[in-house]
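K.L.:
I have a structure here, written as structure tokens, and I will follow up with some questions on it.
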Amino acid sequence: MIKKVVLAYSGGLDTSIIIPWLRENYGCEVIAMVGNVCQEEDYAAIKKKALKSGASKCYVEDVTEEFAKDYLLHMIKSGAIYEGRYLLGTSIARPVIAKRQVEIAKKEGAEAVSHGATGKGNDQVRFELTFKALAPNLKIIAPWREWGIRSRTDAMEYAKQRGIPVPVTKAKPYSSDRNLWHISFEGGILEDPWASPPENMFVLSVSPEKAPNKPQLIDIEFKKGVPVKINGKAYAPAALIQTLNAIAGKHGVGRVDIVENRLVGIKSRGVYETPGGTVLMKAHQDLESITLERDLWHYKRLIAERYAQLIYNGQWFSPLRKALDAFISSTQEKVTGVVRVKLYKGNCTIVGRKSHYSLYSEALATFEEGESYNQKDAEGFINLFGLPLKMEARREGK
């Protein structure tokens, strides 16, 4: 029997109606838990709403610094980008929220945890895999897989009947999810992949057409793969990302409009704003280009793709992710230096990079006459490298 459940609560449409639904259908005490990952919400209002909706308690947990240090920095060092375009803003935030939810469930002696993710999406997997990894004995309640509500229209009607105000209306029928790293938009009018997103939807960035006519140069300094300074000024991880969001967003950097492949097999259209993250991921990869040996750099790109899949699929606490982190950390020992970035009307362009550990040699790369490289040596190398092709041609009688 479930006497107490801890709900991951946002104050949005889905979680707003879950509190009364849990009480009506399970007859249990509901404790709300709001994970603050820098959504810039009115947390006092959210807490008040949770209590008014029937929650016995509402925890507001600020996990922003933990999110930046223990999750985002690992992702930056990995170079993980899902399907080559999505910077994983929603995906990477779920495990830190679910982890804190488990901690509160243990503290409160709850028998169950709950979330507002739908049965069609990825978030249900991300929350529940974290629950299973950290507290396998907790029962999981996923209302969207149990109740008779089948659409956001149904959900809004349910809320209306119980006097619960919700931020989503029929006039603005898309949902958004914001955190330190990004903001996402999906659903409603965005479900038509041909429909252009309305300009007034965007929050973190200006339209590239309205961005400044003069480009801005910024220097990003990394130490062992971790961004530590902007233009020579040191920042803590979360503050650094927030600062870059403001700088890059002013220039319209970081917008993507994509159709991605969800883990559950559905193709989904999402629009994302990740200004600071776009700059950091590009700058980090560029610094690796001069500090990592060729084969290591190539192999790490393969690892980055697999790492992105693990994040996207909710497997943050898996043994494989932890093992890959050990490999990634070893690759970052010499990824120290400065990358110069030009921001201009939606574009983020790398225009310079330097490092004390650089493997780039101007003496070797120059097209001018030099003594560091004997071009005659290339003939023997090509003969040996091309030998399999030569033997294949002979066999085919060419």
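The values are calculated or read from the model by the stated rules, or taken from the named source; none is laboratory data. Please read these numbers as outputs of a predicted model, since none were measured by experiment. All Cβ positions, even for glycine, are placed from backbone atoms using ideal geometry, and neighbour counts span all protein chains on display. Surface accessibility is based on the protein's heavy atoms, side chains included, excluding ligands, DNA and RNA. Shrake-Rupley method; radii C 1.70, N 1.55, O 1.52, S 1.80 Å.
K.L.:
Return the pair list, or none, for Cβ contacts closer than 8 Å from residues in the stretch 148-159 that are closer than 12 Å to ASP14 by Cβ and open to solvent by 70 Å² or more (accessible area, probe 1.4 Å) to residues that are assigned to a helix (DSSP H, G or I) and at pLDDT below 90, at least 6 apart or on different chains.
P.N.:
Matching pairs, first to second residue: ARG152/LEU13; ARG152/GLY188.
K.L.:
Could you check how many residues of the stretch 37-62 are more than 22 Å from ILE140 (Cα to Cα) and either surrounded by 19 or more Cβ atoms within 10 Å (Cβ to Cβ) or touching a His at 6+ places or on another chain (Cβ under 9 Å) (or both)?
P.N.:
Number satisfying all stated conditions: 6.
K.L.:
While we're here: Here is a list: LYS342, LYS322, LYS334. Which entry is of a type in the set (D, E, K, R), modelled with pLDDT of 95 or more and either closer than 26 Å to VAL256 by Cα or assigned to a strand (DSSP E or B) (or both)?
P.N.:
After applying the criteria, what remains is LYS342.
K.L.:
A further question on this structure: Which residue out of LEU72, LEU87 is touching a strand residue (DSSP E or B) at 6+ places or on another chain (Cβ under 8 Å) and modelled with pLDDT of 95 or more?
P.N.:
Numbers: LEU72 fails: touching a strand residue (DSSP E or B) at 6+ places or on another chain (Cβ under 8 Å).
Within the list LEU72, LEU87, the selection yields LEU87.
K.L.:
I'd like to check something: does the stretch 322-333 contain any residue that is more than 27 Å from ALA93 (Cα to Cα) and open to solvent by 90 Å² or more (accessible area, probe 1.4 Å)?
P.N.:
Keep residues of the stretch 322-333 that are more than 27 Å from ALA93 (Cα to Cα), which gives none.
There is no residue in the stretch 322-333 that is more than 27 Å from ALA93 (Cα to Cα) and open to solvent by 90 Å² or more (accessible area, probe 1.4 Å).
K.L.:
Still on this structure: Quick check on my filter: what residues within the stretch 188-245 are within 23 Å of GLY270 (Cβ to Cβ), open to solvent by less than 60 Å² (accessible area, probe 1.4 Å) and either among the small types (Gly, Ala, Ser) or touching a Leu at 6+ places or on another chain (Cβ under 9 Å) (or both)?
P.N.:
GLY188, ALA195, PRO197, MET201, SER205, SER207, ALA211, ILE241, LEU244, ASN245
K.L.:
Another one. Residue check, GLU333 against (1) under 21 Å from GLU293 (Cα atoms); (2) more than 44 Å from the chain's Cα centre (by Cα), all met but one. Which one?
P.N.:
(2) is the only condition that GLU333 fails.
K.L.:
Going by the structure shown, is GLN101 over 19 Å from ASN36 (Cβ atoms), more than 13 Å from the chain's Cα centre (by Cα) and buried (at least 21 other Cβ atoms within 10 Å of the Cβ)?
P.N.:
On the way: over 19 Å from ASN36 (Cβ atoms): no; more than 13 Å from the chain's Cα centre (by Cα): yes; buried (at least 21 other Cβ atoms within 10 Å of the Cβ): yes.
Judged against the criteria, GLN101 is not a match.
K.L.:
Among VAL264, VAL259, VAL279, which is in contact with a Pro (Cβ under 6 Å, 6 or more places away or on another chain) and either β-branched (Val, Ile, Thr) or open to solvent by less than 60 Å² (accessible area, probe 1.4 Å) (or both)?
P.N.:
Values: VAL264 fails: in contact with a Pro (Cβ under 6 Å, 6 or more places away or on another chain); VAL279 fails: in contact with a Pro (Cβ under 6 Å, 6 or more places away or on another chain).
On inspection, the qualifying residue turns out to be VAL259.
K.L.:
Kindly indicate whether ALA135 is within 24 Å of TRP316 (Cβ to Cβ), open to solvent by less than 70 Å² (accessible area, probe 1.4 Å) and touching a residue at least 24 places away in the same chain (Cβ under 8 Å). Break it down stepwise before answering.
P.N.:
On the way: within 24 Å of TRP316 (Cβ to Cβ): yes; open to solvent by less than 70 Å² (accessible area, probe 1.4 Å): yes; touching a residue at least 24 places away in the same chain (Cβ under 8 Å): yes.
Judged against the criteria, ALA135 is a match.
K.L.:
Please enumerate the residues belonging to the stretch 282-294 that are buried (at least 21 other Cβ atoms within 10 Å of the Cβ) and among the acidic types (Asp, Glu).
P.N.:
GLU288
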